[in-house]
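Pasting a structure below so you can have a look.
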Amino acid sequence: MSKTDNIYIYGRNPIIEALINRPNEVEKVFIKNSIQLNSIDGLADLISKNSIPVSKVPQIKIQNLVGRVNDQGIVALLSQISYTNFFDWVSELDLKSNPAVVLLDGIEDPYNFGAILRSAVAAGISAVLVPTQKQAPVNATVFKTSSGTAGRIPIIRVHDINQGIKDLELAGFKIFGLDGDSKRSFWEAEFNTPTAFLIGNEGEGIDRKTLKKTSETLRIPMVNNVESLNASVSAALICYEWARKRI
């Protein structure tokens, strides 16, 4: 496991999700002193079950921790964010079930990153792989945007995109790169092997040299002279196209 510095997450649903899925990483919960713990469904039981310390604090303290955000009067301190080791993960994966993963080519906006994680979890994607550089960290904004689902899916950190592609290919994955210039629509593609979807950076897309390392490129059909979609929207569409074809 790799670790980053302590981070704070905020909002009721993200904190409840963290207490359910990664309680060993929650060091402390701060709650606004005007809020009763029992007024938040399920929270008191989760805190008691996992012996999490709680501090009742004024709103100014919460703002000092996370800034002026929609904190809903509750903040949690996470001692670490653990990234899943690729080789440990793939050794336990059922490749015969033809799983899919999302490989991010440097998503720098935490709102996009959180939205991608949420879509990946909802569509049944097995993991999200991220590079060490030019990539938004798993921070409070990511947790909030993902509605807490960041704790439900393995997040695997690879040295860079090329290494991620190489490792996935050696494990038996076919790599599809989303590219607006591709001649093949993602509606035409068959996902009958372990599959990885490469999503490009918000501004630059996927590097052309990196695209050449993919197994195949796919485009998302668009009309009315729309050139491209937001990275998180593109990720959601391809994740659900994969899920649809598995039904």
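So for segment 58-136, considering every pair of alpha-carbon atoms, how many percent are separated by more than 19 Å?
Counting every Cα pair in segment 58-136, those more than 19 Å apart make up 56 percent.
Quick query: amide H of V158 versus all other amide H atoms, modeled in the peptide plane; which residues come in under 5 Å with a sequence gap of 5 or more or a different chain?
Amide H neighbours of V158, under 5 Å, 5+ apart: V130, T132.
Please label the shape of segment 127-247 as rounded, prolate or oblate, based on the square roots a ≥ b ≥ c of the eigenvalues of the alpha-carbon gyration tensor (a/c under 1.5 means rounded; beyond that, a/b larger than b/c means prolate, else oblate).
It is rounded, given that a/c, with a ≥ b ≥ c, falls under 1.5.
To two decimal places, what compactness ratio does segment 1-60 give when its Cα radius of gyration is scaled by 2.2 N^0.38 Å?
Expressed relative to 2.2 N^0.38 Å, the Cα Rg reads 1.13.
Right, something else. If you find the alpha carbon centre of segment 25-100 and of segment 103-174, how far apart are they in angstrom?
Cα centroid to Cα centroid, the span is 19 Å.
Set the Förster radius R0 to 30 Å, insert the Cβ-Cβ distance between S48 and S97 as r into 1/(1 + (r/R0)^6), and round the FRET efficiency to 0.05.
0.20
How do the peptides 178-191, 85-98, 112-125 rank, highest first, by the average count of neighbouring beta carbon atoms within 10 Å per residue?
Averaged packing, sorted descending, gives the order 112-125, 178-191, 85-98.
Compute the Kirkwood hydrodynamic radius of segment 59-194, taking the inverse of the mean of 1/r over all pairs of distinct Cα atoms, and give it in Å to one decimal.
16.5 Å
If you build the Cα gyration tensor of the chain and take the root of 5 times each eigenvalue, what three semi-axes come out, in whole angstrom, biggest first?
Taking √(5λ) for each eigenvalue gives 36, 19, 16 Å, largest first.
Accessible area per residue for the chain in Å², computed with a 1.4 Å probe and the full protein assembly in place, what is it?
50 Å²
The values are calculated or read from the model by the stated rules, or taken from the named source; none is laboratory data. Predicted model only: the values in this text are computed from it and were never measured. In this analysis, Cβ positions are derived from the backbone assuming ideal geometry, glycine residues included, and neighbour counts consider all displayed protein chains. Accessible surface areas use protein heavy atoms only, side chains included; no ligands, DNA or RNA. Shrake-Rupley method; radii C 1.70, N 1.55, O 1.52, S 1.80 Å.
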